[in-house]
Amino acid sequence: MALTKYHVLFAFEDRWVAVSRITHEVVQQQDWAMSTYGPLRSLARDQHGERLWICSERHAFELLTEKEDRNVWALLLRLEQFDDALAACKKQSDRMRVLAAHADSLFREGAGIESARKFAQATAVPFEHVALRFLAGDMKAALVEYLRCRLSRANDQVTRALLYSWAVEISLAALNGSRFANTLGSRGHEDRQILLDLLKESRDLDVHATIYHLLQSHGWLDELAQFAEMRRDFTTVILHHVSRRDCHNAVQKLAEFKGASVQELVGRFAPVLFGAVPKEFISLLLQMSKMDPLVVLPAIFSPHASPTHRAEAMRYLEHAARQTAESPGQADMRSSFRAGSLLQNLASCVGDDAALITSQRFGWATNTAILNTLILCSAEPLEEALPPEGRRKSFATHVALCQCSSTYARVSLDVSQESNPFLDPHFALRVCRQQGLVKAQVLLYGVMGMHEEAVDVALQHEDVTLAKRSACKPHLSQKRLRQKLWLRIVEHQATSCDVPKIIGLIRESQELTIRDVLPYLSDSMTIDAFKTEICDCLDSYEGQIVTLRQEMDDHRRALQAFKEDLKQAEERCIFVARDQACELCGADVVRERFYAFACSHCCHEACIRALILPALSVEKREEVLKLEAARLQHQATAAGAQPATQMPTPLAEVEDKLDGILAEDCPLCGQLMIDTIEKPFIDSAEVDEIESWAVGANAPL
């Protein structure tokens, strides 16, 4: 007996037999010629087990095995040993037959999922044949698995889209069956998980519109939202929640989403979300630092909004104004602080002091639309039904964007705030008029430089304190305007014949005196009431008169001293020696026309002219030449060299002008000598000439 891989060989005296080790059946039998070779005695293998020998008494023959495993897969398949049969297959067609048989066996046993996977591998089995078998057996889960497996092996996009869409529809049908049968237990959860897993596999397929339609038509809206979120289709997710009036979840989803498209979604759904959940929506906006406030501004502002919506809108507008102010590229710190001071003053003069907050962050609005909306919202009163933190905290809480570490302070308004480019005082003034905010009107008039109107409005509402504050707004240099404003307040107070108040105005103002106030007093008022002020005024006048007399005496003495100095200057002279030499040329100074200076230097006119003329400006030089020509013409006329004519300038005046230019200062110790200290000994024009005299190897020839 001998063994091979798949067979057992038996040797008898007259034959040998091959038995299959798989089926235990005789697969081959061969008779032995005993008369020729003698009876068989043994079967043997060599020590390596590679060669098989059959031996008789006189002979030995080698048995050759060819394609011993060619039908092994069929034998294993007949025994339903599918894995071994598949491993023994050498042809693709044989593999398909084994896989089909294995899948068919699993199908008969009721293992639908495993059967579907095997059918998907057996591509030789027609697709419609498998699908119809699963449909006939009501095995929807197995059919979905089959479609998913075929989907993973398909390359054509159209085929993949069709398989995926049908798989989703079959999965929905199975899930609907569980729901209608009220069996949403473990089986229903399994079907739902199958659907979710299937939805995750659609990232590279352009079938989202079909899937949306299927999910919506079958009523699985939560799964539709999950599918849209998987595809990052944020618009569908938010639209789903909004359509179901689930605005809380819509806001939460917007907070979770990332990307530039979120801002577009916020702007699109802002009216609905702010109307339903204003607090949550505003909290979302506060977290979005890159959100453009102008996108949501139309949604959050409404003139007929409820108190809650208006309070939340104001909360966001304050934040947007601060954020815009703190961003780079906006107005500089100086302009911003002016805007903040303006709003703080608006705040402090509109509402009651008790409503002022004690700690606010400094900020300024850089956008006119935001600031105008904030002013409009803040100017309108809120119902008292709101909680204290939501009520109208006065104009200060919402219009002012300044915050100090100490108590909220009222800051004086600076005239330079008129240059703030972001505040529209005309719009703010119109709003304040509509709402009857007197103090704010007065302040805005002051911002626009309309101080007279500011005082008039304050006096019309009997607010003298505010009127006095407005009268102090013009600069101290505008004394006439300040006096005019204070006189308007005096005229208003004079109608009540309240003497102490009028006296108080005189003392408070630096521009008013009793003389200015007297024309506005009525005849019924006695002068005794102003006795002290009149006496003080007279004393002041007396002091001014004494001061003026002293100043006149001082001027008189100064004039007398000036006359004496002038007389002494006219009599002053300089003594020149007979042998005095010219300081410039060394010749006797008396030989020709010369100048004597107070420093005792004497120089000829010609020497001074030669020294000073190059240093004069072009205009002065031309004037000297003209004056010398005029002098020569006068001399020629006097000598009779030319007929006498009427000269435009007398000789004395010509001489005086010429002396004023040439002898203005001593050329040796005056300003001219001081200026020549920085002048080089060799002028730049003489450098070339100096170099031409150089001696050396490199000297020019």
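The values are calculated or read from the model by the stated rules, or taken from the named source; none is laboratory data. Only a predicted model underlies this, so the values are computations on that prediction, with no experimental measurement involved. Cβ coordinates were reconstructed from backbone atoms using ideal geometry, including for glycine residues, and neighbour counts include every protein chain displayed.
Tabulated results
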quantity	calculated
Failed condition for LEU518, given (1) under 23 Å from LEU481 (Cβ atoms); (2) modelled with pLDDT of 70 or more; (3) not basic (Lys, Arg)	(2)
In the range 415-446, the residues that are modelled with pLDDT of 80 or more, crowded, with 22+ Cβ neighbours inside 10 Å and not in a helix (DSSP H, G or I)	LEU437
Selection within the range 142-154 - surrounded by fewer than 19 Cβ atoms within 10 Å (Cβ to Cβ) and either modelled with pLDDT of 80 or more or not in a helix (DSSP H, G or I) (or both)	ALA154
Any hit, the range 272-287, residues being part of a loop (DSSP other than H, G, I, E, B), surrounded by 16 or more Cβ atoms within 10 Å (Cβ to Cβ), at pLDDT 85 or above and not assigned by TED's automatic domain parsing to the domain that holds LEU374	yes
Residue list for the range 670-685, filter: modelled with pLDDT of 75 or more and acidic (Asp, Glu)	ASP675, GLU678
Qualifying residue in the range 225-242 (condition: under 17 Å from MET288 (Cα atoms) and without any contact (Cβ under 8 Å) to a residue 24 or more places away in the chain)	no
Residue match in the range 30-46 (condition: modelled with pLDDT of 70 or more, among the hydrophobic types (A, V, I, L, M, F, W, C), outside any helix (DSSP H, G or I) and surrounded by fewer than 16 Cβ atoms within 10 Å (Cβ to Cβ))	yes
Qualifying residue in the range 491-502 (condition: free of Cβ contacts under 8 Å to residues at least 40 places away in the same chain and in contact with a Cys (Cβ under 7 Å, 6 or more places away or on another chain))	no
Candidate set from the range 148-158 (those that are more than 48 Å from the chain's Cα centre (by Cα) and touching a residue at least 12 places away in the same chain (Cβ under 8 Å)); member that is farthest from VAL130 (Cα to Cα)	ARG153
The range 656-679, subset out of contact with any helix residue (DSSP H, G or I) (no Cβ under 7 Å at 6 or more places or on another chain) and part of a helix (DSSP H, G or I), residue farthest from ALA615 (Cα to Cα)	ASP656
Matching residues in the range 471-506 - criterion: being among the acidic types (Asp, Glu) and not in a helix (DSSP H, G or I)	ASP498
Hey, MET314 in contact (Cβ under 8 Å) with a residue 40 or more places away in the chain and of a type outside the set (Gly, Ala, Ser) or not	yes
Matching entry among ALA111, ALA161 (being of a type in the set (Gly, Ala, Ser), closer than 21 Å to ASP83 by Cα and without any contact (Cβ under 8 Å) to a residue 60 or more places away in the chain)	ALA111
Top-ranked residue in the range 276-302 [being closer than 12 Å to LEU254 by Cβ and not aliphatic (A, V, I, L, M); ranked as farthest from the chain's Cα centre (by Cα)]	GLU280
Residue within the range 193-201 that is farther than 29 Å from VAL262 by Cβ, at pLDDT below 80 and touching a Gly at 6+ places or on another chain (Cβ under 9 Å) present	no
Residue, nearest to the chain's Cα centre (by Cα), within the range 553-582, restricted to residues that are among the polar types (S, T, N, Q) and not in a loop (DSSP other than H, G, I, E, B)	GLN560
